[in-house]
Amino acid sequence: MASTSTARPKLKTAFKKARVIAPLYTGGPVAVTQDGTRLVTCVGEEAVLTDVHAGREICRFAGDTESITSMCISPASTHLLLFTSALALRIYELPKDTTHSTKPVQPVRVVTRAHDAPVHVCRTDPTSTYLASGSADGVVKVWDIHRGYVTHVFKGHGGVVSALVFNHPFDPSSVGREQKMQLITASVDTKIRVFDLSTAAARSGAAAKPAAVLEGHVSVPRGLDVTRDGKWLVSGGRDSVVLLWDISPKPTDNTKPKSSKAKGKEKDGAPTLVKTIPVLERVEAVGLIRQDEDLTGTTSGASKLQFYTGGEKGVIKVWDARKGEVLYTLGQELDSSTEDQEEQRQIVDAQYVPSASTVVSIHADQNILFHSLSTRSLTRQLIGFNDEIVDAALVSPFLASAPAGTSGSPDLTDTHLALATNSSLIRVYSTKSLDARLLSGHSEIVLCLDKGAGGRVLASGSKDRSARIWAPAGPVEGADAGTVPEWGCVAVCEGHAESVGAVAMSRQACAEAGAKGGLRFMFTGSQDRTIKMWDLAAVPLQSAAAGAQPAKCKSLATHKAHDKDINSLDVAPNDRLLVSGSQDKTAKVWEIQYTVYDSGAVKGEIKLLGTCKGHKRGVWTVRFGRTERVLATGSGDKTVKLWSLDDFTCVKTFEGHTNSVLRVDFINAGMQMVSTASDGLVKLWNVRDESCAATMDNHEDKVWALAVSSDERTIVSGAADSVVTFWEDCTEEQEQEKENKRAETVLREQDFMNYLSLQDYRNAILLALAMEQPGRLHSLFKSLPASAPPSSPASLTGHPAVDLVIRTLSGADLARLLRYVRDWNASAKTSTVAQRVLHAVVKLRRAEEIAAAFDPALGAAAGDSEGSPRAKGAGGASALRELVEALVPYTERHLARMERLVQESYVVDYLLEEMDGGLLGDGDEEDGTFVPGEDGAEWEIMEVDVGAGVVAAA
């Protein structure tokens, strides 16, 4: 047993949800604000606004339960405009506040049937005044955003409208005069049309026809853009070419619209085709890059024009328009082994952010990449959808480049999270933002992950029957927790006959660290029921230059370990033991024998020490204790078992999950455990008393992934619902909050007693209402008659000062008091005080004041505590009605009881009166009150009217 310290760590009791990585983009249109700080994406049928830098969802926009077909953000970043498959146009105001809001943003305007067919493209003009939308039936409409009506309708397109752009030249000298504005459209008929939107053209009625028709493409044009001076137009299409057009007005411009033909034949006043640039890939997006020289308006010809393209190869290419050649490429063309993977990586849209000099590319695999034009590198990558998360590991890639003596710095540990999802690509996220990178190398789904060398390297096992070792590319200048380095594959382990479902790396560094990298060995478990031991002594901690081939690892030993699939492996902290868990319901403990000879040769072997039997279903997870000689296993029989490594017997069983336990780990020096299961829950267990200390719930499906940070303050869980949750230890905060609340309660109670001793009933009642202590309030009202001075006038409550308090109570306090009266009235012991207070309220307050106290604007503050079912559903007239309906039946019952008591009191009074005189004296027989009994000895009382009651014969 490991030696125990004198001061045992304190048990953790609470974890709060600190951060969530949820689906960001599931397909559809994407819009970016002009400053590049906010992003609007589609998640299902909802539009979500995300803070790009903080990696946090800001809000969601209320939809109409239909999918979004097109959307855009105004250049001023004030409005979001989107079209849905219900043919509706919905206009929202973008919130200026970047704090998270759970309340959906409602549209400021809705046009229920904006088009007769779905809208696939929409754009706003540079002044954020007009919106152009093109539908599948070839109709283009121009909308006034602020007033919500149509200003122009253009028909005649030969099919679906595929691209739109406004041409609104920026000319400071034209201030005060009517400026030229054009709308340029493209459709599947391969033609580009130019429409005049000027006021003069609208008055003449000529705006219904295009001012020019440009023919040059032989396939669908997918992108259009115009320079700020309105002289040049670029168009790119699926015919793998980009065309450069001169659309500046000519000196001999005629008023009659003319069209230019495909060969670039120049006609008077018509746009001309200047250059055809072969791109050699289908173009899905094209745009002009704004340069400082172009902003002054002094650019001559196309000598300074640069544009970008994005298409089927999945990269952004920046072109020189004059030379027609690629200046540089942003991104990397992946060597896709299948056509399906190639289609997933292609770009479906790209947007230019001039203020940040960034091009944002949206890919078919639901990834969003931010490319910097100034540094010509990938600055940020947002992964839209992770699918099912099957494993996770916290890694520390910057430890490999840390200066000597800083390897243990907490600022460099657990800075990134690696995820294995239902994909062949491994995701590596920054723990501070949504920035991520994709690691490609496996050809099939990655099933398991593990970290080694203190988190500096990553191991993965896949369905492609191999395991791979990954390492960061090298030191990153200015790296911090928000920076995600590039990773590369440094080693490959091949030899299994089936899928590799479990990997476990050595926990200690190699004594001969340095040139050999510090790694020792690794184990892999497979569906072929074997465990292989691999030599990693020659594997480096940093990946080499791009294109370098990974090393081939040598297998040191192979053992047939189980009768069924191996689900989990773990290596002891001292590298002396290995445990394996299998579907055959057992966990086996192995002794590791690893020897490095002076010659550099390595020998490795494992020897079976014992078998842990007791689970009724397959074992999904195994984990060694970090300080004690114990082993934890989680099984499909819904239990977690703790085993002794001395005799391999089960010492404790933890029951509480309602489905298979999938992951388990130790925290807090082995005093506690964390487990996840198929029921979507994460549970914290106290080992000593086998009790569940906390249950964390934020998943809706199987929680396959579990990772614990080095300082054990953060637990990361990932599930099949594509959600990753960061749980942060808040035990101290919760205890401090309880202590503060207790201290505040003590002070309030002391103040309450002081107010009572000073007969300051106003402050006493208000304090009791604020503390929500109806018991103290009841005691106060009950003691009023005895505390009232003898010479005081008659009071409804028992004390004149309390009458004044009730007469001046605020609406919220009055409503809370009446709810307490409702509760008191339900019991015979407290009904007397309830009736007295209710009588005082009805007499001292007008009906309008009582009704106003239950106004919905007061919310939960008007009575029940916030979040209670009654507070959620009761407000205004309905809340007052519920109160009255609760008071009436008990009040009627109390009244009936009092009436019976009064009647009985008359009988007692009469009997006492007769016992004093009439019963033993002479009676008046003539009044019919008393008559002799039938036996002549007893008297019989006949019917006697006493007050308002009738006493039957006795």
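The values are calculated or read from the model by the stated rules, or taken from the named source; none is laboratory data. Everything quoted here is computed from the prediction, not taken from an experiment. Note that we place each Cβ from the backbone using ideal geometry, even for glycine, and neighbour counts take in every protein chain shown.
Scanning the stretch 639-648 for residues that are outside any strand (DSSP E or B) and either at pLDDT 95 or above or touching a Cys at 6+ places or on another chain (Cβ under 6 Å) (or both) yields one hit, F648. For residues in the stretch 771-786 being over 17 Å from L838 (Cα atoms) and surrounded by fewer than 14 Cβ atoms within 10 Å (Cβ to Cβ), which is modelled with the lowest pLDDT? For the stretch 771-786, the residue satisfying everything is A786. Mind checking whether some residue in the stretch 756-765 is out of contact with any helix residue (DSSP H, G or I) (no Cβ under 6 Å at 6 or more places or on another chain), in contact (Cβ under 8 Å) with a residue 60 or more places away in the chain and not in a helix (DSSP H, G or I)? Checked the stretch 756-765: no residue is out of contact with any helix residue (DSSP H, G or I) (no Cβ under 6 Å at 6 or more places or on another chain), in contact (Cβ under 8 Å) with a residue 60 or more places away in the chain and not in a helix (DSSP H, G or I). The single residue among S580, S568, S543 that is buried (at least 20 other Cβ atoms within 10 Å of the Cβ), hydroxyl-bearing (S, T, Y), in contact with a strand residue (DSSP E or B) (Cβ under 9 Å, 6 or more places away or on another chain) and not in a strand (DSSP E or B) turns out to be S543.
Say we look at the stretch 107-129 and pick out the residues that are out of contact with any strand residue (DSSP E or B) (no Cβ under 8 Å at 6 or more places or on another chain) and farther than 19 Å from F154 by Cα; which of these is surrounded by the most Cβ atoms within 10 Å (Cβ to Cβ)?
T127
Cβ separations smaller than 6 Å between residues 6+ apart or across chains give the following pairs from the stretch 72-92 residues that are part of a strand (DSSP E or B) to residues that are polar (S, T, N, Q): C72/T124; I73/T33; F83/T69; F83/S70.
Does D450 qualify as being among the acidic types (D, E) and modelled with pLDDT of 90 or more? Yes, satisfied. A search for C-beta distances below 7 Å between a residue of the stretch 704-718 that is on the phi < 0 side of the Ramachandran plot and charged (D, E, K, R) and any residue that is surrounded by fewer than 24 Cβ atoms within 10 Å (Cβ to Cβ) and in a loop (DSSP other than H, G, I, E, B), counting only pairs 6+ apart in sequence or on different chains, returns D711/P410. Per the listing K256, K180, the residue uniquely within 26 Å of S135 (Cα to Cα), modelled with pLDDT under 90 and not in a helix (DSSP H, G or I) is K180. If the condition is being under 22 Å from Q527 (Cα atoms), in contact with a His (Cβ under 6 Å, 6 or more places away or on another chain) and of a type outside the set (G, A, S), then the stretch 618-674 contributes only D637.
Listed by position, the strands (runs of 3 or more DSSP E) contained in the stretch 296-361 that have at least 1 residues being among the acidic types (D, E) and modelled with pLDDT of 85 or more are 316-320, 325-330, 347-353. Every test in (1) free of Cβ contacts under 8 Å to residues at least 60 places away in the same chain; (2) charged (D, E, K, R); (3) surrounded by fewer than 19 Cβ atoms within 10 Å (Cβ to Cβ) is passed by E728 save one, and that test is (1).
Checked against the criterion of being outside any strand (DSSP E or B), under 22 Å from I715 (Cβ atoms) and either free of Cβ contacts under 8 Å to residues at least 12 places away in the same chain or in contact with a Cys (Cβ under 8 Å, 6 or more places away or on another chain) (or both), the candidates D679, D689 yield just one match: D689.
Screening T69, T65, T50 for residues that are among the β-branched types (V, I, T) and not in a strand (DSSP E or B) leaves exactly one candidate, T65. Elements of the type strands (runs of 3 or more DSSP E) sitting completely within the stretch 104-161 and holding at least 3 residues that are touching a Lys or Arg at 6+ places or on another chain (Cβ under 9 Å), without any contact (Cβ under 8 Å) to a residue 24 or more places away in the chain and of a type in the set (D, E): there are none. Which one of these does L809 not meet: (1) surrounded by fewer than 20 Cβ atoms within 10 Å (Cβ to Cβ); (2) in a loop (DSSP other than H, G, I, E, B)? The failed condition is (1). Number of residues in the stretch 692-715 that are outside any loop (DSSP other than H, G, I, E, B) and surrounded by 24 or more Cβ atoms within 10 Å (Cβ to Cβ) equals 3.
Filtering the stretch 816-834 to residues that are without any contact (Cβ under 8 Å) to a residue 60 or more places away in the chain, more than 14 Å from T797 (Cα to Cα) and crowded, with 19+ Cβ neighbours inside 10 Å leaves R816, Y820, W824, T830. When the residues of the stretch 649-676 are filtered to those that are in a loop (DSSP other than H, G, I, E, B) and in contact with a Gly (Cβ under 8 Å, 6 or more places away or on another chain), the one that is farthest from K616 (Cα to Cα) is G670.
Residue count for the stretch 350-365, restricted to those that are within 23 Å of the chain's Cα centre (by Cα), crowded, with 20+ Cβ neighbours inside 10 Å and of a type in the set (A, V, I, L, M): 2. Within the stretch 427-447, not a single residue is among the aromatic types (F, W, Y), at pLDDT below 90 and either in a strand (DSSP E or B) or under 24 Å from V539 (Cβ atoms) (or both).
Does A47 fit the bill of being of a type outside the set (S, T, N, Q), at pLDDT 90 or above and within 23 Å of E284 (Cα to Cα)? Give the steps one after another, and end with the answer.
Values: of a type outside the set (S, T, N, Q): yes; at pLDDT 90 or above: yes; within 23 Å of E284 (Cα to Cα): yes.
Yes.
For the stretch 744-760, state whether one or more residues are exposed (fewer than 15 other Cβ atoms within 10 Å of the Cβ) and at positive phi. Yes, the stretch 744-760 contains a residue that is exposed (fewer than 15 other Cβ atoms within 10 Å of the Cβ) and at positive phi.
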